[in-house]
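I have placed the structure first, in the form of structure tokens, so that the comments after it can refer back to it.
The values are calculated or read from the model by the stated rules, or taken from the named source; none is laboratory data. Here the structure is a predicted model, which is why all the values come from computation and not from measurement. Every residue, glycine as well, gets a Cβ built from its backbone with ideal geometry; the counts of neighbours run over all protein chains shown. The accessibility values were calculated without ligands, DNA or RNA, using every heavy atom of the protein model including side chains. Shrake-Rupley method; radii C 1.70, N 1.55, O 1.52, S 1.80 Å.
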Amino acid sequence: GAGVSQSPSNKVTEKGKDVELRCDPISGHTALYWYRQRLGQGLEFLIYFQGNSAPDKSGLPSDRFSAERTGESVSTLTIQRTQQEDSAVYLCASSLKGGGALHFGNGTRLTVT
Amino acid sequence: GIQVEQSPPDLILQEGANSTLRCNFSDSVNNLQWFHQNPWGQLINLFYIPSGTKQNGRLSATTVATERYSLLYISSSQTTDSGVYFCAVLDGGSQGNLIFGKGTKLSVKP
């Protein structure tokens, strides 16, 4: 597809379970970003990948959160031992190069019960 | 870190009216972007505008980097313009940490 694709679009999980969220960036985009948006709030930076450079993990809120990216392709965000406070929309974006214009996917709405 | 403040926080317009949204930032930037989040949550990049003025249809934006602000103009507003407008600037210490303001929530009434 032409845009950033995220899956699943919705995820309901029980507290304590692990979840994995997927992002397919726009083809050819070297930079990939994960953000979190709680209900009615702004966007909170989580992690940034640029080519083969070490990712900027400075926004990950705890060691329960991790992310990987395969080359300049798919990325997965994993949340272990989910907590209710993890409930939010997780947004992925990509850009042609680091610091370029961001293009967002439609997000994954995570609900932890 | 850099602070981003947007004003007003909320704005209600009658269809056809014009409006100006403001974004102030606390430090010099070389990367500023405006986004529109529609009522269904989809985020669209409106402008990549670290300096100068750009126009796209009824929307235009101006960034005065030396004075640390950016303005988004919406002319002849339509109900489809409703949603939240965010500005975001790059954290100086990072290539990827785009710091978002809290947004301006715009409601355009028919």
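Results, tabulated for the structure shown:
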item	result
Residues whose placed amide H lies under 5 Å from that of B:Asn97, excluding near-sequence neighbours	B:Asp91
The range A:57-68 - phi-based ³J(HN,Hα) in whole Hz, Karplus 6.51/-1.76/1.60, Gly and Pro as x	9, 4, x, 5, x, 7, 6, 6, 9, 8, 8, 9
Carbon plus sulfur fraction of accessible area for the range B:4-101, probe 1.4 Å, in percent	47 percent
Those lysines that a straight Cα-Cα span of less than 23 Å connects to A:Lys57, excepting residues fewer than 8 apart in one chain	A:Lys17, A:Lys97, B:Lys102
Orientation-averaged projected area, Cα convex hull of the protein assembly as shown (nm²)	12.1 nm²
Integer Hz, Karplus 6.51/-1.76/1.60 couplings in order for the range B:6-17, x for Gly and Pro	10, 8, x, x, 9, 8, 10, 10, 8, 3, x, 7
In the range A:1-97, trypsin sites (Lys or Arg not before Pro) in a DSSP loop with at most 16 other beta-carbon atoms within 10 Å	A:Lys15, A:Lys17, A:Arg38, A:Lys57, A:Arg64, A:Arg81, A:Lys97
Which of A:Ser95, A:Leu21, A:Gly42, positive extreme of dipole for chain A (C-beta unit charges)	A:Gly42
Computed accessible area, B:Asp91, all protein chains, 1.4 angstrom probe, square angstrom	40 Å²
Net dipole in debye of chain A [+1 Lys, Arg Cβ; -1 Asp, Glu Cβ; about Cα centre; nearest 20]	160 debye
Formal net charge of residues neighbouring A:Ser94 (Cβ-Cβ distance under 12 Å; K, R +1; D, E -1)	0
P(r) of the range B:4-101 over all Cα-Cα pairs, binned every 5 Å from zero, in whole percent	3, 13, 25, 26, 19, 10, 4, 1, 0
Chain A, Rg to Rh (Cα coordinates; Rh as Kirkwood inverse mean 1/r)	0.95
Whole-Hz ³J(HN,Hα) from phi, Karplus 6.51 cos²θ - 1.76 cosθ + 1.60, for the range B:25-34, glycine and proline x	9, 8, 9, 5, 9, 10, 7, 9, 9, 10
Of all accessible heavy-atom area on the range A:45-93, the percent that carbon and sulfur account for (1.4 Å)	42 percent
Residue-count net charge about A:Leu39 - beta-carbon cut-off 15 Å; Lys, Arg +1, Asp, Glu -1	+2
Filtered chymotrypsin sites (Phe, Trp or Tyr not before Pro), the range B:9-110: DSSP coil and at most 11 other beta carbons within 10 Å	B:Trp40
Other-chain or far-sequence residues with amide H under 5 Å of B:Ser26's (modelled H)	B:Gln3
